[in-house]
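The values are calculated or read from the model by the stated rules, or taken from the named source; none is laboratory data. Owing to the predicted nature of the structure, the values given are computational and were not obtained by experimental measurement. Because the Cβ atoms are built from the backbone with ideal geometry, glycine has one as well, and the counts that use them run over all protein chains shown. These area figures cover heavy atoms from the full protein model, side chains too; ligands, DNA and RNA do not enter into them. Shrake-Rupley method; radii C 1.70, N 1.55, O 1.52, S 1.80 Å.
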Amino acid sequence: MSHNLPRRAFLKTVPMAAGLLASPTPQGAPAKAVKAADVPISATPYTPVADYPIRPKRYSEVTLRDTFWKSKVDTNARVTIPFEVRKMNPEGARLGFNGNVLEAAILSLATHPDPELQAQVDARIAALKQETYRGNTGFEAAVTYYQVTGKRDLLDKATQAADGLYEDFKVRKPPFSGSERDAINCVQLYRATHQKRYLDLAKHYLDIRGLEDSVNRGRHNQAHMPVLEQTEAVGHAVNCVSLMVSLVDVGVLTGLQEYFDTGLRLWRDAATRKMYVTGGVGATGNEGFGAAYALPNISAYSETCAVLMFLTLNHKLFLATGDSKYIDVMERGLYNNAIDGVSVSGDRFFYVNRLASAGDGRDLRWERASLECCPPNLVRFLAQMPGYLYAQDRNDAIYVNLYISSDAAFQVKGKPLALSVTSEMPWAGASKISVSANEDVRGVIKLRVPGWARNRPDPGGLYSYLESSAAKVSLQIDGKSAPASLDPSGYVSLDRTWKDGDSVEIAFPVEPRIVAADRRVKEDRGRMAVERGPIVYCAEWPDASRASVLESLFSSKAELKTSLAGDLFGGVTVIDTEARKINNPSVAATPARLIPYYLWSNRGKGEMSVWLSAREYALGDTGPAGGLIFYDNPKYAADGWRYLEAMPFDQSDGAKWGCFRASIPGARGTAVGTGKQNTADIVAACPEPGSAAWLCANLSANGVRGWHLPSREELALMYKNLRAAGLGDFRDGGLAENFNYWTSTQASADMAGHLDFADFGRYHYDDKDFPRRVRAIRAF
């Protein structure tokens, strides 16, 4: 089934913030507004370097043999890339696909030959040779084609275009008005040609971003201030992480430390205060970063494109520093948020990777979107995924970063050395590395010990394990036990003379672990996540006995039993436990199964949650619909409901109650528990579109329905337990009175009740046709 979903198109020409530090001005003198004309290109002296100090092993030089990643890369080559090409050529034309899809096809053909796809690529390349480059958007495809085939046809056209851009900036000095990838594109051209002017061009794109004359200047595109002055990750997540990548690239290749330091500063904010447990970034509906520790689950965005760029960023930070913590963050996103973006079948996708779903259908995977952005990024990423496994530094030390059954060959001090890895990852922890060498080779093999294997799920303490594990990493060399001593960068460094037939066996404790979030992440208070090795798990509707995942209550003390589900997508490790209903915990627990998060929404629509309720709700907790819990009903067993949850924002700041001068039968309940019937009475007798009751009765919030206008006492409890307690945002700060919310309690044919939140929650009556605020609630 095809789901052609409209998607809010984000700006294609959004400048990322840029920068240059403003020059000091005399005390008392007005600061000069810096514009692009004040920033000459190539004015800063530096000595460029050819590349990063650590080099990744090229994807085409790594042979996958495992059952986890190989199948995904093969499906990408066999299904997803051809599918994306067809989407861009709906009538069978062979000239229409560009950008990331073209790159993905070029990359994939080097490892997965396909005559039909090859013919399509050849036809497209022939057409591009006749076209004129506009801007820098074709640079990456040109570089990829050159790197894979050695042919300069597109590369020469790209350098001609870059020369024109350089001269334009040198002579005309236009303000910045490009896309988020300008600097990245130019860096790629520099790395292929080592022509300094292209690195100057990349740096210049950064230097003129955020200046007074930058087009579309604002936080959304990180153009609210010069780049080097920025301290936090803000705005559109893909653009912001792209900016971080640009800063790290320019900083490393120019040696200008302030660019690298700024990129690292923004990474630190994102990775330690704004990252989901699945490794994704970007929490808000505008595809962007929100406030620190604001990580909603059911309304999460966590765009696939954003995590793919975040993987790139973390990999580059590792290549610059050799620190394994960046691979830890990369691995978390890789195994969870990234591969969640494509279905098992390879032809359905997610832009949004929520951490909870009400199962209303909005989280069904789809075939097409109005703006094709994430699927092209996904196919390019998967085509070169093997390039994340290994790396080698300038001293020829070999890094084993991801434990995946594979083969790769290296040169160490001019001598060949090959590694063959056989690994149980990600479902179990044992890996064996077999060495092949024509002659003895002295060198260093560095084995990464993942943070999750040493009680550190993330580098900044945003997440922690409920209990520390005493299980240790075990290491054997040629069958003999050896100490698994970590160096400061998180690696076991084995410096020895390697002989043909040598072997290293390393085993990590892979067991279910309960994760807790920092207390400042209010959406996760009282909740737990479960992960095992690098895999984050979730509860999904087919595996819940009562099917209502969002209203299930789990226990951190319950047994977490692992087993192989051979009938689930070819065989995956699942975790079995038990759960009760949170609104009636006295009922006996029933079995519940957790599956890897990346597999959810492959079995139809239904509820899902990564963060599982681990205790009964407290006032102010985030409820299952993303609202705020403000009442716990002591008579829940008899009444059939336990909690009242309020929307976290108003549904209107000025709606009429409705039915002015018409007495409605019913709608006179004042007590807690009567608002739902009051609302039904109002809507039945007076279904005025846009009225207070109508707004609540027709509300779907995060896919959850069943909302109503609160009764008098329900609204009074909302005031007491949320507004007066400082637990909800009612935007009435500084007002003395007249910040009124409607109740569903009718007073007469002319009047209905309302509470003034700015006036200590006092109760008043008012004409039904007078506009007042509306805040919906629900009982469950």
Is it true that some residue in region 73-80 is surrounded by 14 or more Cβ atoms within 10 Å (Cβ to Cβ), free of Cβ contacts under 8 Å to residues at least 40 places away in the same chain, within 25 Å of the chain's Cα centre (by Cα) and outside any loop (DSSP other than H, G, I, E, B)?
yes
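Does residue 157 meet the test of being in a loop (DSSP other than H, G, I, E, B) and in contact with a Phe, Trp or Tyr (Cβ under 7 Å, 6 or more places away or on another chain)? Lay out the reasoning, then the answer.
Values: in a loop (DSSP other than H, G, I, E, B): no; in contact with a Phe, Trp or Tyr (Cβ under 7 Å, 6 or more places away or on another chain): yes.
In short, no.
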How many residues does region 468-512 hold that are open to solvent by 50 Å² or more (accessible area, probe 1.4 Å), modelled with pLDDT under 95 and hydrophobic (A, V, I, L, M, F, W, C)?
1
What single numbered condition from (1) aliphatic (A, V, I, L, M); (2) at pLDDT 95 or above; (3) within 11 Å of the chain's Cα centre (by Cα); (4) over 14 Å from residue 248 (Cα atoms) fails to hold for residue 311?
(4)
Against the condition farther than 30 Å from residue 475 by Cα, out of contact with any strand residue (DSSP E or B) (no Cβ under 6 Å at 6 or more places or on another chain) and buried (at least 18 other Cβ atoms within 10 Å of the Cβ), how does residue 519 come out, does it pass?
no
What is the one condition in (1) crowded, with 24+ Cβ neighbours inside 10 Å; (2) more than 14 Å from residue 209 (Cβ to Cβ) that residue 290 does not satisfy?
(1)
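Listed here are the residues, each with its yes/no results for (1) among the hydrophobic types (A, V, I, L, M, F, W, C); (2) open to solvent by 10 Å² or more (accessible area, probe 1.4 Å); (3) in contact (Cβ under 8 Å) with a residue 40 or more places away in the chain.
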site	(1), (2), (3)
613	no, no, yes
631	no, yes, yes
652	no, yes, yes
656	no, yes, yes
660	yes, yes, yes
665	no, yes, no
673	no, yes, yes
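Residue-by-condition table, conditions (1) in contact (Cβ under 8 Å) with a residue 40 or more places away in the chain; (2) closer than 24 Å to residue 335 by Cα; (3) open to solvent by 30 Å² or more (accessible area, probe 1.4 Å); (4) assigned to a loop (DSSP other than H, G, I, E, B):
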| position | (1), (2), (3), (4) |
| --- | --- |
| 43 | no, no, yes, yes |
| 51 | yes, no, yes, yes |
| 55 | yes, yes, yes, no |
| 86 | no, no, yes, no |
| 97 | no, no, no, yes |
| 111 | yes, yes, yes, yes |
| 128 | no, no, no, no |
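Would you say residue 556 is hydroxyl-bearing (Ser, Thr, Tyr), part of a loop (DSSP other than H, G, I, E, B) and on the phi < 0 side of the Ramachandran plot?
Working: hydroxyl-bearing (Ser, Thr, Tyr): yes; part of a loop (DSSP other than H, G, I, E, B): yes; on the phi < 0 side of the Ramachandran plot: yes.
Yes.
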Residues of region 366-391 being touching a strand residue (DSSP E or B) at 6+ places or on another chain (Cβ under 8 Å) and either surrounded by fewer than 20 Cβ atoms within 10 Å (Cβ to Cβ) or of a type in the set (Phe, Trp, Tyr) (or both), in sequence order, are 366, 367, 368, 369, 370, 387, 388, 390
Residue 657 versus (1) over 17 Å from residue 779 (Cα atoms); (2) out of contact with any Phe, Trp or Tyr (no Cβ under 7 Å at 6 or more places or on another chain); (3) at pLDDT 95 or above: which is the lone unmet condition?
(2)
For residues in region 748-769 being surrounded by 17 or more Cβ atoms within 10 Å (Cβ to Cβ) and not in a strand (DSSP E or B), which is modelled with the highest pLDDT?
768
